[in-house]
1. Of the conditions (1) part of a loop (DSSP other than H, G, I, E, B); (2) of a type outside the set (A, V, I, L, M); (3) touching an Asp or Glu at 6+ places or on another chain (Cβ under 9 Å); (4) surrounded by fewer than 19 Cβ atoms within 10 Å (Cβ to Cβ), Gly102 clears all except one; give me its number.
2. Out of curiosity, is Arg24 out of contact with any strand residue (DSSP E or B) (no Cβ under 8 Å at 6 or more places or on another chain), modelled with pLDDT of 95 or more and either within 19 Å of Asn127 (Cβ to Cβ) or not in a strand (DSSP E or B) (or both)?
3. Six or more apart or on different chains, Cβ under 6 Å: which pairs go from a residue in segment 118-143 that's modelled with pLDDT under 90 to one that's not polar (S, T, N, Q) and not in a helix (DSSP H, G or I)? Could you list them?
4. Here's a check for you: in segment 89-113, which residue that is of a type in the set (Gly, Ala, Ser) and more than 20 Å from Arg20 (Cα to Cα) is nearest to the chain's Cα centre (by Cα)?
5. Select from segment 29-64 the residues that are assigned to a loop (DSSP other than H, G, I, E, B) and under 15 Å from the mean Cα position of the chain (by Cα) and list them in ascending order.
6. Report whether or not Ile86 is hydrophobic (A, V, I, L, M, F, W, C) and in contact with a Lys or Arg (Cβ under 7 Å, 6 or more places away or on another chain).
7. Could you please give the count of residues in segment 65-92 that are small (Gly, Ala, Ser) and not in a helix (DSSP H, G or I)?
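The values are calculated or read from the model by the stated rules, or taken from the named source; none is laboratory data. Keep in mind that this is a model prediction, so the values were computed, not measured. Here the Cβ positions follow ideal geometry from the backbone for every residue, glycine too, while neighbour counts run over all protein chains shown.
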Amino acid sequence: MVDLGELYQQTILDHNRNPRNFRRLETANRTAEGSNPLCGDRIHLFVHVDGDTITDIGFQMPQGAGCAISKASASLMTDAVKGKSIAAAEEMFQAFRDMLAGGTNAPGKLAAFSGVRAFPSRIKCANLAWHALHAALQNSAAPVTTESAGDF
């Protein structure tokens with residue numbers, strides 16, 4: 001039988017090595033930048049929203065500006081929200097934050113990050129892309145940082 005912790009670790013490693021939607025999205029009509037000045041993680045998120053649906057999404061991280069946790073989280077997040085409504089994406093954002101704060105697991109492959117809560121300094125890494133998504137969906141022009149998001 002496969003150890004659940006091992007499966008989760010494999011999921012995170014796979015999404016770090018082979019990130020999905022790791023690209024600049026030229027058709028984006030919403031963008032956000034996020035950074036964690038404490039560790040140097042940075043993300044630029046590109047979202048295309050049509051009506052109330054996220055029809056496409058991509059992200060970039062400058063070379064060396066994203067750890068394995070932040071890159072894998074962004075990759076899994078983009079997979080999870082593509083094709084979903086803004087409301088559904090916001091619900092996933094809340095569920096992911098709640099999971100990292102010690103609540104119940106987030107849905108599907110996002111549960112791979114449940115083990116991160118045992119490493120409080122890495123919670124900010126896992127949350128970075130999600131806070132950038134939240135800002136993009138709110139059409140916020142302000143960059144997201146660990147200081148501005150508050151509950152990282």
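1. (3)
2. So Arg24 fails the test.
3. Qualifying pairs under 6 Å: Pro143/Glu33.
4. Ala95
5. Listed by number, the list holds a single entry, Met61.
6. In short, no.
7. Number of matching residues: 4.
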